[in-house]
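The next block holds one structure in the form of structure tokens; read it before the comments.
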Amino acid sequence: MSAETEVKRRIQEKGKITFEEFMSIALYWPQGGYYAGREPVGAVGDYYTSPAVHPAFGALLAVQLYQMWEIMERPSVFTVLELGAGNGLLSRDITGYASHLPGSFARTLRYVCLDRRQVTRLLDSNRVLADAIPFRGLEGCVLSNEYLDAFAVHQVVMDSGVLKEVHVALEDGNLAQVLDEPADAALARRLDFLGITLTEGQTAEINLGLEKWAGDLSGALEHGFTLTVDYGRTAPDLYNPELRRRGTLVTYHQHVQTDAPLRRIGEQDITAQVDFTSAMRLGEDAGLSTLGLVKQSEFLANMGLGHFQRHTRGQDLPPRHMRANLAGLVDLVRPGGLGDFKVLAHGKNVGLPDLWGLEQSTESQRLVESLPAPLLTPEHLWLDQGNPFGGEVEFEAFWPESGPENPGGTESQPN
């Protein structure tokens with residue numbers, strides 16, 4: 001039974017279903033859902049991610065994990081649990097680069113990939129398949145990249161002064177969106193929790209799964225950190241009626257934004273931006289401490305990405321390899337793209353330490369300056385067709401210069 005057939009079957013049974021239920025089927029139905037038996041990332045997929053663009057992303061995360069290990073006084077086993085690990089490319093990049101870091105960090109690192117779907121071609125070996133987080137007492141870090149944006153979301157609309165929820169029904173045999181009373185009172189409570197009042201006609205997405213996610217994180221982690229990387233905004237910005245009156249839900253098919261969720265069911269990605277205010281506050285309610293929220297461009301600059309760029313330029317690489325590596329490094333911090341993703345850090349039973357990625361740090365800059373620059377492998381994307389972005393690549397516009405004469409760097413260029 002295809003995902004579309006299952007959607008119609010449930011509508012015929014119930015009369016209508018919430019958009020959240022429709023989206024969950026479209027993405028995760030085991031027989032034809034979008035994530036069932038396909039790899040959506042890459043040139044032949046529908047989108048690409050930071051780990052695919054360049055291994056520097058994983059390398060600098062490894063450096064941040066190394067600092068966390070130091071803060072925790074070098075535990076003999078430091079577990080990294082990656083949620084939504086996909087094909088394991090990020091796992092491979094982090095564990096591979098850990099061998100360059102000081103002390104016994106690489107030997108103490110235990111990396112576990114968790115995913116709810118089976119992947120055909122894996123680059124990691126330590127993998128667990130589960131819908132929730134089946135761990136307790138972890139000491140280390142729970143890491144995710146583009147995990148929360150894959151949650152199914154509810155859609156609500158302010159209609160004649162009353163909060164309504166978007167449902168999916170059948171009209172003359174075709175799927176259609178209709179408004180009805182909210183199926184869950186938690187939708188209105190979430191908006192109250194955030195202090196958000198929608199304006200007349202405004203559409204918004206609400207991820208009720210964030211509360212369970214926060215509880216699962218805290219329940220799994222005994223001592224350590226979480227790092228959550230994703231695209232999204234804080235609530236006042238996300239629910240701004242002038243800037244995002246129609247919400248943020250989008251669909252992608254073969255790298256083209258289609259914005260037609262009721263079409264190509266199971267064949268296209270459906271996603272919405274993450275509400276980072278809820279992620280922070282629900283984490284705190286679950287027993288986690290918010291350590292900071294920054295753009296990915298700032299995080300990578302603070303960690304020392306500029307050193308990798310300069311080291312790469314200094315290597316004797318074939319022209320194609322040089323172009324591809326430099327283009328990948330820039331794409332990680334490009335405004336309007338991956339550079340605007342957010343990095344959220346939580347801690348549990350670690351106090352309120354200053355993490356290197358959250359503010360400019362001489363320690364991270366000096367360490368990264370002494371390390372080799374990672375280079376693209378055949379498993380990564382190669383943005384090597386000249387300069388695919390147009391114009392001259394100006395690296396200094398994306399991260400601060402650092403060096404012996406300016407160890408702390410300068411402020412990141414604002415977006």
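Please work out which residue is surrounded by the fewest Cβ atoms within 10 Å (Cβ to Cβ), limiting yourself to segment 349-376 and to residues that are in a loop (DSSP other than H, G, I, E, B) and charged (D, E, K, R). Selected residue: 354.
For segment 355-369, which residues satisfy the criterion of being of a type in the set (A, V, I, L, M, F, W, C) and in contact with a Ser or Thr (Cβ under 6 Å, 6 or more places away or on another chain)? Matches in segment 355-369: 356 only.
Pairs meeting the criteria (first residue in segment 165-182 and more than 18 Å from residue 264 (Cβ to Cβ) and at pLDDT 95 or above, second residue basic (Lys, Arg) and assigned to a loop (DSSP other than H, G, I, E, B), beta carbons under 6 Å, at least 6 apart or on different chains) are 167/16; 169/16.
The single condition among (1) under 20 Å from residue 58 (Cβ atoms); (2) part of a loop (DSSP other than H, G, I, E, B); (3) in contact (Cβ under 8 Å) with a residue 60 or more places away in the chain that residue 308 does not satisfy is (2). Applying the condition of being touching a Lys or Arg at 6+ places or on another chain (Cβ under 9 Å) and crowded, with 24+ Cβ neighbours inside 10 Å to segment 262-275 and asking which residue is farthest from residue 32 (Cα to Cα) yields 275. What are the pairs, 6+ residues apart or on separate chains, where a residue within segment 317-342 that is assigned to a strand (DSSP E or B) has its Cβ under 7 Å from a residue that is modelled with pLDDT of 95 or more and among the small types (Gly, Ala, Ser)? Cβ pairs passing all conditions: 342/232. Restricting the search to strands (runs of 3 or more DSSP E) fully inside segment 134-198 and requiring at least 3 residues that are within 29 Å of the chain's Cα centre (by Cα) and over 30 Å from residue 58 (Cα atoms) gives 154-159, 162-171.
Quick grid of which residues meet (1) buried (at least 23 other Cβ atoms within 10 Å of the Cβ); (2) more than 30 Å from residue 184 (Cα to Cα):
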| site | (1), (2) |
| --- | --- |
| 6 | no, no |
| 25 | yes, no |
| 36 | no, no |
| 91 | yes, yes |
| 109 | no, yes |
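When segment 196-217 is filtered for residues that are crowded, with 20+ Cβ neighbours inside 10 Å and among the small types (Gly, Ala, Ser), the ones remaining, listed by number, are 204, 214. The number of residues in segment 66-89 that are at pLDDT 95 or above and either closer than 28 Å to residue 36 by Cβ or among the small types (Gly, Ala, Ser) (or both) comes to 5. Cβ-Cβ distances below 6 Å connect the following pairs, each with a first residue in segment 47-72 that is more than 18 Å from residue 142 (Cβ to Cβ), a second residue that is among the hydroxyl-bearing types (Ser, Thr, Tyr) and assigned to a helix (DSSP H, G or I), and a separation of six or more residues or different chains: 59/97. All of (1) modelled with pLDDT of 95 or more; (2) under 23 Å from residue 85 (Cβ atoms); (3) among the small types (Gly, Ala, Ser) hold for residue 266 with one exception: (1). The conditions of being touching a Leu at 6+ places or on another chain (Cβ under 6 Å) and surrounded by fewer than 21 Cβ atoms within 10 Å (Cβ to Cβ) are not met by residue 169. Within segment 79-104, restricting attention to residues that are part of a loop (DSSP other than H, G, I, E, B) and among the aliphatic types (A, V, I, L, M), the residue that is farthest from residue 364 (Cα to Cα) is 85. Take the conditions modelled with pLDDT of 95 or more, assigned to a helix (DSSP H, G or I) and surrounded by fewer than 20 Cβ atoms within 10 Å (Cβ to Cβ) and apply them to residue 284. Does it pass? It is true that residue 284 is modelled with pLDDT of 95 or more, assigned to a helix (DSSP H, G or I) and surrounded by fewer than 20 Cβ atoms within 10 Å (Cβ to Cβ).
The values are calculated or read from the model by the stated rules, or taken from the named source; none is laboratory data. What you see is a predicted model, and the numbers here were worked out from it, not measured in a lab. Glycine also receives a Cβ, built like all others from the backbone with ideal geometry; neighbour counts cover every protein chain displayed.
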